[in-house]
Structures are given as structure tokens and as C-alpha cells.
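Submitted below is the structure of interest, expressed as C-alpha cells.
The values are calculated or read from the model by the stated rules, or taken from the named source; none is laboratory data. Only a predicted model underlies this, so the values are computations on that prediction, with no experimental measurement involved. In this analysis, Cβ positions are derived from the backbone assuming ideal geometry, glycine residues included, and neighbour counts consider all displayed protein chains.
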């Protein structure tokens, strides 16, 4: 059924006059009459009673009118929905991030700004390690991932990465730890012999290998006493005196009793990478643009 026929029908039903309806539609009367007859033939019912004096709806026409109006309204909603989706204003966005992600100012600002400007987008957030995010993005369970790594992540074909920022790492220790009492900033070599608490292999993928490599370059094998599966466990173990750890500077914004954050004398930096498939949905494109814009603003402010 041609939606145009429904519009013509409703206009005649409102005007109850073919001449006035034709004028309102911007067409001549004969084509309007032909279109109404075509609709009646398609339906197999008479919608209007026509006499030389008046036009009125038949019983079938009276029952057909509200349904025709609903059909047009639904069609208009469908068109509007498609246009909003094309502009990235509705839909779904799946985002993966590391534990430090929400504490990075540009990421926190981007999330807030995107939620304010796109209230009709369903946002799903998942805290995942690097390898899990890569897999989820590859399989399109996530649209965008934010992963930490010292080097550009190795990605499957069809995926790309963008370096968002470089961030210093800090030594995180109890306030009564020997390295917390020293005036000079610590270096990697100072960690020799001290027990360490690191993320387990899932969440520490990439970082652990690089950090252990730094220790070996400094001439010692690190004493990894405990492994944690979450940020809260990691911080809790360090606060309880089970060992020292190394975290992104953004996490120094957290306040945990008895913990201090010391910068390294020779900066140890990690990078935050944005990863996604080459083809992004309009919604994901909007979020990526928001992140890059906020990151640019933060970089300029810091400069």
C-alpha cells in the first residue's frame, strides 16, 4: 500500500471536500479522485459516499481512518528513528576499559559529555583486560576498547589503534615502606628484594611483561609475591603491607589510607590506546570523536 494514498485519504476525510483537499495537497482534483479510487480498489471497500452535494465517510471509511493515521505516524517514527541512528543519536555503544580508565580526566570528561549529548544511546561499560577487550572488539561484542600498554597493541586484521596519551607510572607503597621514607625518588633498581603485588595475567597482560623486562634490565628478577584480579584487591594488598605495586599516575587521585604514590626518578610511562574495528557505527564514531576532542583539550590545557 502506497503511503501517499493514506495521506490523500486522510486529507479528504478531514476536508470532506475533494476540491479543498486537492488544493491543500497541491494537486488538481482529478488525480486526487483517481488515487482515492485506486485505494478503494486495492482495499476492496468503498471509503467515501460521494454525491453532487457532499462527501462523507462510509462505515468502513470511519473505521479505516484512525488506523490509517496510526500507520502514517508509525511510518514517520520509523523514518525519524533511521535518521537519528544514522546521525549516531540513538543506538547502542559497547565500551571496554581498564581499571584506570575512568580516572583519566579526558576519558571521564568524554563519558560525561557523551551521556549528556546522547541521552538516547544505550551505553554498556565493561572493565576488561587488554586481551579480553581485543577479543570482544574483534567479535563486535564491544564497539571500542581502551587498553593500556607500553607498545602499540598487536591487533587482528581489520582492527586499528590510536594512542590517546602517555602517562607516567608511580610506585605505590605503604607510608611506612622503606622506599616511602627516602627523600630521593625511587628507581626500578630500588625494587630489588622488595615483594611486589601485580595484576594477574588477565588484567596485567602487556604491562607485567614490560615491567618484568625493566627489572631484568636493572639487573634483578622481581619478587612477585601476590597477584590481584582487581584494582580494589591490588590496593588492599598494598595497603595491608603485602608489597609494593606500580600504577598509572591517574590512579593517584584515589585516596587510600596509608598509601603513598612516588614518581620514579627516571620516568616509566605507559600509553592508553583506543582500539576498534575499521568500520564503526555512527554512534561509535560520535563517541570516538568526543574522546579525541576531550583528549585534545586536556593536552592543550596541560601544555
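Among the numbered criteria (1) free of Cβ contacts under 8 Å to residues at least 40 places away in the same chain; (2) surrounded by 13 or more Cβ atoms within 10 Å (Cβ to Cβ); (3) in contact with a helix residue (DSSP H, G or I) (Cβ under 8 Å, 6 or more places away or on another chain), which single criterion is violated by residue 257?
Residue 257 satisfies every listed condition except (2).
Against the definition (over 15 Å from the mean Cα position of the chain (by Cα), surrounded by 15 or more Cβ atoms within 10 Å (Cβ to Cβ) and assigned to a strand (DSSP E or B)), how does residue 155 come out, yes or no?
Taking the combined requirement at face value, the residue does not satisfy it.
Tell me, which helices (runs of 4 or more DSSP H) lie completely within the stretch 171-263 with 3 or more residues that are more than 22 Å from residue 103 (Cβ to Cβ)? Can you show your working first?
Details: elements: 178-181, 207-217, 231-239.
Qualifying helices (runs of 4 or more DSSP H): 178-181, 207-217.
Table: residues versus (1) at pLDDT 90 or above; (2) in contact with a helix residue (DSSP H, G or I) (Cβ under 7 Å, 6 or more places away or on another chain); (3) crowded, with 17+ Cβ neighbours inside 10 Å.
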residue	(1), (2), (3)
15	no, yes, no
34	yes, no, no
51	no, no, no
54	no, no, no
57	yes, yes, yes
60	yes, no, no
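Additional query: For the stretch 106-123, state whether one or more residues are surrounded by 14 or more Cβ atoms within 10 Å (Cβ to Cβ) and within 20 Å of residue 206 (Cβ to Cβ).
Within the stretch 106-123, the subset surrounded by 14 or more Cβ atoms within 10 Å (Cβ to Cβ) is 106-111, 113-114, 118, 121, 123.
In the following step, the residues that additionally are within 20 Å of residue 206 (Cβ to Cβ) were identified as 107.
Looking through the stretch 106-123, at least one residue is surrounded by 14 or more Cβ atoms within 10 Å (Cβ to Cβ) and within 20 Å of residue 206 (Cβ to Cβ).
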